[in-house]
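Report on the following structure.
Read the figures in this text as sums done on the coordinates, not as results from a lab. Remember, it's a predicted structure, so these values are computed and weren't measured experimentally. Here the Cβ is made from the backbone with ideal geometry for all residues, glycine too, and neighbour counts use every protein chain on show.
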């Protein structure tokens, strides 16, 4: 991954796994995308989680012909 991709991945992964981020991860994200960009990352991560949980609870199947990713 490129430096920017790594910073975003690390920030979002920490946020999902630990429900918080380290100060170092926060600083790298702010340096890359600014404070508004960090807020957008948090919002996008939260929205993705909401949609994923909804689809999982409703047991929405994959579209016809699609394979299960990450298996």
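Quick rundown of the values:
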| read-out | value |
| --- | --- |
| Cβ-derived FRET efficiency at R0 30 Å, residue 16 paired with residue 59, nearest 0.05 | 0.85 |
| Relative contact order, percent, the chain [alpha-carbon distance under 8 Å, six or more residues apart] | 24 |
| Projected label distance in nm at residue 2 and residue 50, using a 7 Å step from Cα toward the beta-carbon | 3.0 |
| Between 0 and 90°, nearest 10: helix 3-18 axis offset from the chain longest Cα axis | 70 |
| Gained length - residue 68 relative to residue 40, 0.36 nm times residue gap less alpha-carbon distance | 7.2 nm |
| Evaluated at q = 0.20, 0.30 Å⁻¹: base-10 log I(q)/I(0), Debye formula over Cα of the stretch 1-59 | -0.72, -1.25 |
